[in-house]
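Step one of this worksheet: look at the structure below.
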Amino acid sequence: MPEKKITLSVSVNGVVHTATVEPRMLLSDFLRHALGLTGTHVGCEHGVCGACTVLLDGRSARSCLMLAVQAEGAEIETVEGQGSVDRLGRIQEAFRQHHALQCGFCTPGFIMAITDMLRHHPLETDDQIREALSGNICRCTGYEHIVNAVRELAKERGPLT
Amino acid sequence: MQVNFGVRHGIGEAGRSRDDKAFRYAARGRAMPASALATDVGEMKPAPFDYLAATSASEAAEALAAANGDGKIIAGGQSLMPMINFRLVKPAILIDINRIAGLDRIEKHGERLRIGATVRHRMTATDALVHRHIPILHDAMHHVAHLTVRNRGTFCGSVCHADPAAEMPMMTLLLNGTIAALSIRGERQIAASDFFVGSLMTSLEPDEFVTSIEIDTLPLDTGWGFEEFSRRHGDFALACVATTLRIVDGVARDVRFGMMGVGETPLRLPEIEARIEGQAISQALLQDVTEALKGLLHPNTDIHASADYRRHLAGTLARRALRDAWRRATLRKDAADA
Ligand SMILES: Cc1cc2nc3c(=O)[nH]c(=O)nc-3n(C[C@H](O)[C@H](O)[C@H](O)COP(=O)(O)OP(=O)(O)OC[C@H]3O[C@@H](n4cnc5c(N)ncnc54)[C@H](O)[C@@H]3O)c2cc1C
Ligand code: FES
Ligand code: FES
């Protein structure tokens, strides 16, 4: 029988965790069940919905399409690193202002994808914003308010240098 | 031959097995913060497997050989992991090539571009050599999935996955790609025209994996057209045409014409290329191409579109792509002449 366990060390929101896991454990399950970081949501678990999006070494990644063991030595950021209920992060604040969430299920994934977008993508036009958001599915908002929030954040950031 | 699903147990066992040894598994944290102690993590989607993070190509080749047909290479995981999560694929061992140094480069060798096995879609989409020498590939990248998926997915992984509605297999065929396959028996070069055997099937041997793929760069006066139709941006295509040509003495030369989404594999259509070669693009020629395509294509009817609709799309997209290619070739020739 296979499944030799593997010990990994990974930084999550700046805290280094060491754990011994089965190779088949998904990064999303590791974050949620082993570390208790349930802010990262899982919708489809096959790469389609984007709810599980985290940052892997500064770039967005589907945590349901990665194994925890593949994150060895990496820096993961999750929505828990963005802010707290008392002190919302900037993207969270923009979502609140623009009513960019209703049930909130998709929100952590959107926020992490948007973090990557704001760091690396032009976002000068609504078309660019919509294309960048196209990998995340929201069943509630109709996207309009999410686009509004990102438009404001992109304007505030200014052009990429 | 490599078939990218049902590796050991065949398809259809997408459910979880309650007998899994590790069904009620608890991760044991060492040196974890008290707030984050591992608890009962419950069921897992994938079936159990071993995992090797190979650090050299030869280590990966040896592990693949030792797995005796039950090993799977993982690159970006953007196609493999969904199938593993559904248990459509149950490898005995996953061999991760992401930590092999030197495979993450795009290099120009003469008139060819070599793309290493861990070059992500994002790199191909933003690479200056690709933009300058193969602008059609730069354009095509924008149709591949979404930002987050492009951060991880690889060019070579997409070619190995051989989805009949994927852009990179078609581009590899269009650009006379050569696939470098490594095993403990040595390296061999496979022409793209011999590589795609069927839907999700390639001519790789079970113990072989791809270290890089070489494709043509295009002369700077080449015009191109890339037309894809999908229901939503980033979805797989219902039909897609990619074509390149140059204008020499007022007629089309070096014509290439490829399609995907309309068969079991990506297609090069030499019959169409021959019709256009030596001609100027005209309404009559485009009509002729549309008619010829109807006889050449045998698309499937599936939940996404009927065969008839796909044939209709093929003609429409071909006309648009050829017009674009002709227009761009004219502009680029004028720029070169000036
Ligand atoms: C939501 C979503 C939308 C997508 N949309 C598109 C789309 O519109 N167009 C498109 O083309 N793709 C799309 N994809 C797929 C994406 O492009 C994948 O990245 C790509 O198909 C596979 O590349 P990978 O590196 O992730 O390969 P993996 O998933 O790691 O592997 C795929 C297969 O190839 C094999 N393999 C990988 N690398 C090698 C190698 N070097 N040698 C031998 N075998 C290898 C694996 O064993 C496996 O069988 C989408 C994916 C998702 C999740
Ligand atoms: S849960 Fe990962 S993309 Fe849907
Ligand atoms: S707010 Fe409910 S799914 Fe997006």
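The values are calculated or read from the model by the stated rules, or taken from the named source; none is laboratory data. Note that the coordinates shown come from a computational prediction; the quantities given were computed from them, not determined experimentally. Using ideal geometry, Cβ is built from the backbone for each residue, glycine included, and neighbour counts are taken over all protein chains shown.
How about the range B:120-129: which of its residues are of a type outside the set (S, T, N, Q) and surrounded by 23 or more Cβ atoms within 10 Å (Cβ to Cβ)?
As a first pass, look at the range B:120-129 and keep what is of a type outside the set (S, T, N, Q): B:120-123, B:125, B:127-129.
Within the range B:120-129, just B:121 meets the criteria.
What pairs come up if the first residue lies in the range B:300-327 and is without any contact (Cβ under 8 Å) to a residue 40 or more places away in the chain, the second is surrounded by 19 or more Cβ atoms within 10 Å (Cβ to Cβ), and their beta carbons are under 7 Å apart, counting only those six or more places apart or on different chains?
Qualifying pairs under 7 Å: B:307/B:299; B:315/B:293.
Do we find that residue A:3 is modelled with pLDDT of 95 or more, assigned to a loop (DSSP other than H, G, I, E, B) and surrounded by fewer than 24 Cβ atoms within 10 Å (Cβ to Cβ) in this structure? Spell out the reasoning first.
Numbers: modelled with pLDDT of 95 or more: no; assigned to a loop (DSSP other than H, G, I, E, B): yes; surrounded by fewer than 24 Cβ atoms within 10 Å (Cβ to Cβ): yes.
No; evaluated as a whole, the condition is false for this residue.
Given the conditions (1) surrounded by fewer than 21 Cβ atoms within 10 Å (Cβ to Cβ); (2) in contact with a strand residue (DSSP E or B) (Cβ under 7 Å, 6 or more places away or on another chain); (3) aromatic (Phe, Trp, Tyr), and given that residue B:236 satisfies all but one, which numbered condition is not satisfied?
Of the numbered conditions (1) surrounded by fewer than 21 Cβ atoms within 10 Å (Cβ to Cβ); (2) in contact with a strand residue (DSSP E or B) (Cβ under 7 Å, 6 or more places away or on another chain); (3) aromatic (Phe, Trp, Tyr), the odd one out for residue B:236 is (2).
Need the failing condition index for residue A:108 against (1) surrounded by 21 or more Cβ atoms within 10 Å (Cβ to Cβ); (2) touching a residue at least 60 places away in the same chain (Cβ under 8 Å); (3) within 12 Å of chain B (Cβ to nearest Cβ), just the number.
Among (1) surrounded by 21 or more Cβ atoms within 10 Å (Cβ to Cβ); (2) touching a residue at least 60 places away in the same chain (Cβ under 8 Å); (3) within 12 Å of chain B (Cβ to nearest Cβ), the lone unmet condition for residue A:108 is (3).
Name the single residue that is nearest to ligand 2 (Cβ to nearest atom) among those in the range A:31-54 being more than 7 Å from every other protein chain (Cβ to nearest Cβ) and either surrounded by 24 or more Cβ atoms within 10 Å (Cβ to Cβ) or assigned to a helix (DSSP H, G or I) (or both).
Step one: list which residues in the range A:31-54 are more than 7 Å from every other protein chain (Cβ to nearest Cβ), which gives A:31-32, A:37-44, A:48-49, A:51-52, A:54.
Subsequent filtering for residues that are either surrounded by 24 or more Cβ atoms within 10 Å (Cβ to Cβ) or assigned to a helix (DSSP H, G or I) (or both) retains A:31-32, A:40, A:51-52, A:54.
Numbers: A:31: 12, A:32: 11, A:40: 9, A:51: 5, A:52: 3, A:54: 10 Å.
Among those that are more than 7 Å from every other protein chain (Cβ to nearest Cβ) and either surrounded by 24 or more Cβ atoms within 10 Å (Cβ to Cβ) or assigned to a helix (DSSP H, G or I) (or both), it is A:52.
Can you name the residue in the range A:46-67 that is among the small types (Gly, Ala, Ser) and closer than 20 Å to residue B:120 by Cα and, of all such residues, is nearest to ligand 1 (Cβ to nearest atom)?
Step one: filter the range A:46-67 for residues among the small types (Gly, Ala, Ser), giving A:47, A:50-51, A:58, A:60-61, A:63.
Those still in the list that are closer than 20 Å to residue B:120 by Cα too: A:47, A:50, A:58, A:60-61, A:63.
On the way: A:47: 3, A:50: 8, A:58: 19, A:60: 13, A:61: 11, A:63: 13 Å.
Step by step, filter the range A:46-67, then rank; the result is A:47.
Only one of (1) of a type in the set (Gly, Ala, Ser); (2) at pLDDT below 95; (3) assigned to a loop (DSSP other than H, G, I, E, B) fails for residue B:35. Which number is that?
Looking at each condition in turn, residue B:35 falls short on (3).
Being modelled with pLDDT of 95 or more, under 28 Å from residue A:13 (Cα atoms) and within 16 Å of ligand 1 (Cβ to nearest atom), is that true of even one residue in the range A:117-129?
Within the range A:117-129, not a single residue is modelled with pLDDT of 95 or more, under 28 Å from residue A:13 (Cα atoms) and within 16 Å of ligand 1 (Cβ to nearest atom).
Based on what the data block shows, is residue B:280 outside any loop (DSSP other than H, G, I, E, B) and over 29 Å from residue B:151 (Cβ atoms)? Show your work before the answer.
Numbers: outside any loop (DSSP other than H, G, I, E, B): no; over 29 Å from residue B:151 (Cβ atoms): yes.
Criteria not met by residue B:280.
Name the residues in the range B:296-311 that are in a helix (DSSP H, G or I) and over 17 Å from residue B:267 (Cα atoms), would you? Steps first, please.
Initial filter on the range B:296-311 (in a helix (DSSP H, G or I)): B:296, B:307-311.
Within the range B:296-311, B:308, B:309 qualify.
Checking the structure you have, find out if any residue of the range B:163-178 is crowded, with 24+ Cβ neighbours inside 10 Å, part of a helix (DSSP H, G or I), within 14 Å of chain A (Cβ to nearest Cβ) and of a type outside the set (Val, Ile, Thr).
Within the range B:163-178 (the criterion being crowded, with 24+ Cβ neighbours inside 10 Å, part of a helix (DSSP H, G or I), within 14 Å of chain A (Cβ to nearest Cβ) and of a type outside the set (Val, Ile, Thr)), the answer is no, since none of the residues qualifies.
Considering the range A:111-161 alone, what residues qualify as being free of Cβ contacts under 8 Å to residues at least 12 places away in the same chain and under 16 Å from the mean Cα position of the chain (by Cα)?
Residue satisfying the conditions is A:134 alone.
Being over 20 Å from residue B:158 (Cα atoms), of a type outside the set (Lys, Arg) and in a loop (DSSP other than H, G, I, E, B) is the filter here, so list the residues in the range B:230-272 that pass it.
B:249, B:250, B:269, listed by residue number.
For the range A:64-72, check the following and say yes or no: at least one residue is in contact with a His (Cβ under 9 Å, 6 or more places away or on another chain), more than 13 Å from residue A:109 (Cα to Cα) and facing another protein chain (nearest Cβ under 8 Å). Please lay out each step first, then the result.
Kept after step one, since they are in contact with a His (Cβ under 9 Å, 6 or more places away or on another chain), are these residues of the range A:64-72: A:64-65.
If we keep only those that are more than 13 Å from residue A:109 (Cα to Cα) too, we end up with A:65.
Then drop every residue that is not facing another protein chain (nearest Cβ under 8 Å), which leaves A:65.
Yes.
Test residue B:226 against the stated conditions and say whether it is buried (at least 23 other Cβ atoms within 10 Å of the Cβ), more than 14 Å from chain A (Cβ to nearest Cβ) and over 23 Å from residue B:293 (Cβ atoms).
On the way: buried (at least 23 other Cβ atoms within 10 Å of the Cβ): yes; more than 14 Å from chain A (Cβ to nearest Cβ): yes; over 23 Å from residue B:293 (Cβ atoms): no.
When the stated conditions are applied, residue B:226 does not pass them.
Which of the residues that make up the range A:10-30 are within 16 Å of ligand 1 (Cβ to nearest atom) and either more than 7 Å from chain B (Cβ to nearest Cβ) or within 12 Å of the chain's Cα centre (by Cα) (or both)?
To start, the set of residues in the range A:10-30 that are within 16 Å of ligand 1 (Cβ to nearest atom) comprises A:23-24, A:26-28.
The answer is A:27, A:28.
Take the residues of the range B:64-91 that are more than 10 Å from chain A (Cβ to nearest Cβ), of a type in the set (A, V, I, L, M, F, W, C) and closer than 25 Å to residue A:19 by Cα: which is surrounded by the most Cβ atoms within 10 Å (Cβ to Cβ)?
B:75
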